[in-house]
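The values are calculated or read from the model by the stated rules, or taken from the named source; none is laboratory data. Everything numeric here is computed off the predicted structure, so don't read it as measured data. When we count neighbours, we look across all protein chains shown, and the Cβ atoms used for this are built from the backbone with ideal geometry, even at glycine.
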Amino acid sequence: MKVLVFIEQRAGKSKSSALEALTVGARLAGGPADLAAVVIGKGVEGIAAQLKGYGADTVYVVDHAAFEHYNPVSYADAIEAAVKAHGAKVVVGLAAPMTRDVFPRLAARLDGGILTDVTAIEAAGANLHGVKPMYAGKVLAKVETQNAPVSFVSVRPNIFKAENKGTGNAAVSKLELTPAADSRIKTLEVRKGANERPDLTEAPLIVSGGRAMGSADNFKILGELADVLHATVGASRAAVDSGYASHDMQVGQTGKTVNPNLYIACGISGSIQHMAGMRTSKVIVAVNTDPEAPIFKVATYGIVADLFQAAPIFTTKLKALLEK
Amino acid sequence: MKILVLLKQTPDTESKIQISADGAKIETAALKYIINPYDEFAIEEALKIKEKAGSGEVVIGSFAGDSAKELIVKGLAMGCDRGLLISSEGLEGADSLTVAKVLAAAVKAESPDLVLVGKQAIDDDNMHVGIMVAELLKWPHVNVVTKLALNGKTATVEREVEGGQVEVYEVQLPAVFGAQKALNTPRYASLPGIMKAKKKPLDSKKPGDFGLDAAALKAGVKTVIRGFLPPPEKPAGKVFKGEDVAVMVDKVVKLLREEAKVI
């Protein structure tokens, strides 16, 4: 099956989980000749070399100043050009901001099937069979495409393993594309975030604080713990609504869905809304003074204690351990 | 300015989601429906735009079953001017692209200057329909919008992406924008608003009223939900209490390294 994988990049750097999507693509394609990747941006040709060995013989590159920043219409045009060039029946991406924005547009344009944020995916003849969490992770849905001329699938980060099997030359094939001059949507700028750490949705380690943090200033305690672990700091809705943390840090139903290897919840009681966003974390550590807090029901390890006592001790002990 | 807000009814976040005995569907009889929380930000933004302009019309529409009627009325009570319920009879549970095809036809008929939606629905979390409606109409869209400023037929729109980064767009209307939480704080319906809502027009339509054939739409569905599974059970965790905090932290650090092997 001809498969195309969209590699998300920003400022010339591909997403850390992009190789997971490429590995999924390789499995669906069955062989390097059937797998291609597409990279879109300005000065992004170098990314192709990083894809070598992950199962794709071809990397389509759309490299043009006009594609420097993401734009849903011009990026849809570019991916569509790669779909046509490769004859792709399946297009794989990462369940991350660009892919989740552009795949629905392409599915509508090409009257295709679309599976979003899957945690399992397989080819069944010409169709795709996947599994995706629904209703805030309370159930898993078995989702399938049928009679689709082309199907789009985005895979949840940190679920699938990236594997370099040493196949696929990742040879660059340039697609010459100029965006329409009369575009009704222009990207004026991309403002940098204050956060240098991986985004919550892709972070392998997260330290999160709840209402019990008591102030924005107190989040420093979690920042110190996160520094030791190279983790990203998150927050519950209660902490965000109280003004202790910014909205982009919010984990949960009206925030971000995260899936790290380790999630440390400090002073978070564990509302349904919060757990909707973090219950698939592989290991959950909860610190809370209330032994009845619902968070302990999903915790791998729990400590009934004051986070202001426990968090600094975690920082000291982990620092000593990781420096060894 | 005429604004069309598209609404989806979703089960209340507190709902217990029960899978049917044969695993084929979700039991809906006991579910309590609410306006998809992100759609409330879309309604609020539409009302704010109208208030600032001092004129205009806000229409609130949904492609749904009859149960969505009271949610549309809730939107009217918040201040929307007119309701539009397009019956999903015969197309219940259709995929997002089919829903988008119906809604795009409705948008075409209404011909608004702007369509506002929630950035995603909290039931399937797909983030599809608003974007697909835009594509089917060949309109631009921006989803996950945290800031919106209109200047005549041009909008400056901010979209939140990873790591706190913000993409800033200049968009020519008509367009579709998907509201993110940070956009505004939705109002509550006032008592006079609730009284007035009962007298506001609420049109009932079918896909056929927009020239669509429900049977053909059904035959063209490309994505289906084949059934549901419960999420895997997590084994009970180890919870420590009553000991010295440093001792408990020590135990957990050791388990993280030796048992869970995550650090």
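Which residue, of B:219, B:260, B:246, B:179, is aliphatic (A, V, I, L, M), within 12 Å of another protein chain (Cβ to nearest Cβ), within 27 Å of residue B:85 (Cβ to Cβ) and surrounded by fewer than 18 Cβ atoms within 10 Å (Cβ to Cβ)? Outline the logic, then answer.
On the way: B:260 fails: within 27 Å of residue B:85 (Cβ to Cβ); B:246 fails: within 27 Å of residue B:85 (Cβ to Cβ); B:179 fails: surrounded by fewer than 18 Cβ atoms within 10 Å (Cβ to Cβ).
Exactly one residue qualifies, and that residue is B:219.
Restricting attention to the stretch B:151-159, does a residue exist that is within 12 Å of chain A (Cβ to nearest Cβ), of a type in the set (Ser, Thr, Tyr), closer than 30 Å to residue A:99 by Cβ and crowded, with 17+ Cβ neighbours inside 10 Å?
Initial filter on the stretch B:151-159 (within 12 Å of chain A (Cβ to nearest Cβ)): B:153-159.
Filter once more, keeping what is of a type in the set (Ser, Thr, Tyr): B:154, B:156.
Those left that are additionally closer than 30 Å to residue A:99 by Cβ: B:154, B:156.
Within this subset, residues satisfying the condition of being crowded, with 17+ Cβ neighbours inside 10 Å are none.
Within the stretch B:151-159, not a single residue is within 12 Å of chain A (Cβ to nearest Cβ), of a type in the set (Ser, Thr, Tyr), closer than 30 Å to residue A:99 by Cβ and crowded, with 17+ Cβ neighbours inside 10 Å.
I'm told residue A:159 meets every condition in (1) touching a Phe, Trp or Tyr at 6+ places or on another chain (Cβ under 9 Å); (2) within 26 Å of residue A:294 (Cα to Cα); (3) assigned to a loop (DSSP other than H, G, I, E, B) except one. Can you identify the failing condition by its number?
Of the numbered conditions (1) touching a Phe, Trp or Tyr at 6+ places or on another chain (Cβ under 9 Å); (2) within 26 Å of residue A:294 (Cα to Cα); (3) assigned to a loop (DSSP other than H, G, I, E, B), the odd one out for residue A:159 is (1).
For the stretch A:1-28, how many residues are away from chain B (no Cβ under 14 Å) and free of Cβ contacts under 8 Å to residues at least 60 places away in the same chain?
Taking the stretch A:1-28 as the starting set, the residues that turn out to be away from chain B (no Cβ under 14 Å) are A:1-7, A:12, A:19-28.
Cutting the leftovers down to free of Cβ contacts under 8 Å to residues at least 60 places away in the same chain gives us A:7, A:12, A:27.
So the count comes out to 3.
Please identify the pairs in which a residue from the stretch B:188-207 that is closer than 15 Å to residue B:71 by Cα and at pLDDT 95 or above has its Cβ atom under 9 Å from the Cβ atom of a residue that is in a loop (DSSP other than H, G, I, E, B) and among the basic types (Lys, Arg), counting only partners at least 6 apart or on another chain.
Between residues of the stretch B:188-207 that are closer than 15 Å to residue B:71 by Cα and at pLDDT 95 or above and residues that are in a loop (DSSP other than H, G, I, E, B) and among the basic types (Lys, Arg), the close pairs are B:193/B:187.
Please report, ordered by residue number, the strands (runs of 3 or more DSSP E) entirely within the stretch A:256-324 with at least 2 residues that are at pLDDT 95 or above, under 15 Å from residue A:210 (Cβ atoms) and not assigned by TED's automatic domain parsing to the domain that holds residue A:214.
Values: elements: A:262-266, A:283-288, A:301-304.
Because the criterion is at least 2 residues that are at pLDDT 95 or above, under 15 Å from residue A:210 (Cβ atoms) and not assigned by TED's automatic domain parsing to the domain that holds residue A:214, no strands (runs of 3 or more DSSP E) in the stretch A:256-324 meet it.
Would you pick out the residues in the stretch A:180-219 that are more than 21 Å from residue A:98 (Cβ to Cβ), surrounded by 12 or more Cβ atoms within 10 Å (Cβ to Cβ) and more than 9 Å from chain B (Cβ to nearest Cβ)?
Passing the criteria: A:206, A:207, A:208, A:209, A:210, A:211, A:212, A:213, A:214, A:216, A:218, A:219.
Can you tell me which residue is nearest to the other protein chains (Cβ to nearest Cβ) among those in the stretch A:134-149 that are in contact (Cβ under 8 Å) with a residue 12 or more places away in the chain and among the small types (Gly, Ala, Ser)?
Among those that are in contact (Cβ under 8 Å) with a residue 12 or more places away in the chain and among the small types (Gly, Ala, Ser), it is A:148.
How many of the residues in the stretch B:190-207 are of a type outside the set (D, E, K, R), exposed (fewer than 15 other Cβ atoms within 10 Å of the Cβ) and not in a helix (DSSP H, G or I)?
So the count comes out to 3.
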